[in-house]
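Here is the structure we will look at, set down as structure tokens.
The numbers here are math on the coordinates, done by the rules we state, and not lab data. Worth saying up front: this structure is predicted, and the values here are computed from it rather than measured. Note: ideal-geometry Cβ built from the backbone for every residue, glycine included; neighbour counts use all protein chains shown.
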Amino acid sequence: MLQQKVSPKVQSALSEGRAVLAMESTVITHGLPYPQNFEILSELEDLAEENGAIPATICILDGVIRIGLDSNERNILRNKIVEHAPIHKIALRDIPLSLAKRESGGTTVSATMALAHRVGIKVFATGGIGGVHRRWQESLDISLDIKALSEISMIVVSAGCKAILDIAATLELLETSGVSVYGWQCDEFPAFYSRTSGCKITRVDGLQTIADTFRISREFSQGALLIANPIPGDFEIPAFEIEPYIQSGLQAATAIHGKDLTPFLLNYLAEATEGRSVKANLALLRNNVILGAKLAKELI
Ligand code: PSU
Ligand code: MN
């Protein structure tokens with residue numbers, strides 16, 4: 001009943017024990033505007049390979065789990081987006097219904113982790129994880145990403161969490177959930193568009209340290225190791241510049257709830273910053289894929 005297709009390239013890399021890097025697709029379907037989303041998808045896949053790992057972009061197409069896309073599948077996804085066919089944002093809990101109804105969609109961090117883990121992929125690069133939303137006291141809006149990170153064994157590279165979140169609360173919940181969080185050559189948890197957030201984390205400086213830590217941690221934890229990789233300085237939007245836009249975006253979003261909130265805010269920021277937030281998002285994705293690919297290679 002469950003249909004899954006692993007691309008031949010990813011399949012042979014997995015069976016030969018070569019490095020594979022998982023990548024999510026909600027950032028393509030819901031996080032970035034067209035056509036930048038498809039341009040960056042190919043670019044990220046090339047970057048992964050140049051840095052030593054076979055890329056495995058994960059999504060669901062017409063009720064089939066896809067692990068690794070070839071140009072044909074990329075075109076199918078692109079056509080659906082261009083033609084405004086229904087493309088869902090699929091979190092881990094949404095996977096079964098999406099498959100049963102033969103839907104298509106981008107997989108979020110939680111869904112991508114679960115699907116990557118099923119086929120034995122150990123490293124995953126994303127843009128920013130979901131977390132605890134601001135005003136969580138009223139909404140209780142906390143991303144399933146946190147629970148997935150606490151339960152699924154994987155190294156996850158992200159540029160911190162989205163700046164639209166309550167970052168301090170997200171870090172607290174990651175701690176309670178047993179997720180080890182380390183800063184890649186940095187001492188603060190990055191805030192997606194900004195390199196700093198004011199929240200201190202433990203620094204790691206070497207690929208081998210991370211790989212060894214991950215191997216050792218398997219004795220103690222079933223969950224993920226989250227590696228926070230700050231956006232490259234040239235593309236950073238400092239917190240004092242982006243924060244007013246986030247505030248006005250949150251004001252505009254009072255009627256938007258649940259899974260629509262993140263795409264709404266990202267789109268709002270793209271317009272408010274005249275595309276600067278999109279350029280930042282692309283830069284941090286490249287940066288994370290490069291580090292993720294190197295980690296996947298180190299872990300072999
Ligand atoms: N960060 C981005 N763009 C995105 C996302 C995160 O900059 O598109 C996506 C990721 O797929 C993440 C999801 O897993 O948003 C979290 O959504 P929610 O807050 O609804 O759980
Ligand atoms: Mn949510």
Highest-MSF residue in the chain out of F220, F124, F235 [GNM, Cα springs under 10 Å]: F220
Pairwise Cα inverse-distance average, inverted: Kirkwood Rh of region 234-292 (Å): 12.3 Å
D_trans [Stokes-Einstein, Kirkwood Rh over alpha-carbon pairs] for region 129-232, 10 °C, 1.306 mPa s, µm² s⁻¹: 116 µm²/s
Descending semi-axes in Å of region 30-159, equivalent ellipsoid built from Cα gyration tensor: 23, 19, 15
Mean-position separation - Cα centroids, region 70-119 and region 226-260, in angstrom: 25 Å
Surrounding net charge for G206, when Lys and Arg each add one and Asp and Glu each subtract one, Cβ distance under 12 Å: -1
Dimensionless Rg/Rh of region 1-86 - Kirkwood Rh, Rg from C-alpha atoms: 0.97
Cα centre as origin, Lys/Arg/Asp/Glu Cβ charges: the chain dipole, Debye: 680 debye
Pair-distance profile P(r), taking every C-alpha pair of the chain, with 10 angstrom steps and integer %: 6, 30, 39, 21, 3, 0
Eligible lysines near K122 by straight Cα distance, threshold 16 Å, same-chain separation 8 or greater: K294, K297
Length-normalised contact order for region 20-72 - Cα pairs under 8 Å, 6+ apart - percent: 39 percent
Rg [Å, one decimal], Dmax [Å, integer] - region 96-165, C-alpha atoms: 13.3, 38
Selection from Q251, I167, P55 lying farthest towards where the dipole of the chain points positive, charges on Cβ: P55
Semi-axis lengths, Å, region 165-300, gyration tensor of Cα atoms, sqrt of 5 times eigenvalues: 29, 18, 13
Where trypsin sites (Lys or Arg not before Pro) in DSSP loops with at most 14 other Cβ within 10 Å are excluded, longest remaining stretch of the chain: 1-100
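Which value at 222 nm does the chain reach when only helices count, each DSSP H run of 4 or more adding -39,500 (n - 2.57), with the total divided by all residues and rounded to the nearest 500 deg cm²/dmol?
-13500 deg cm²/dmol
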Under 16 Å from K101, Cα to Cα: lysines that are on another chain or at least 8 residues apart: K89
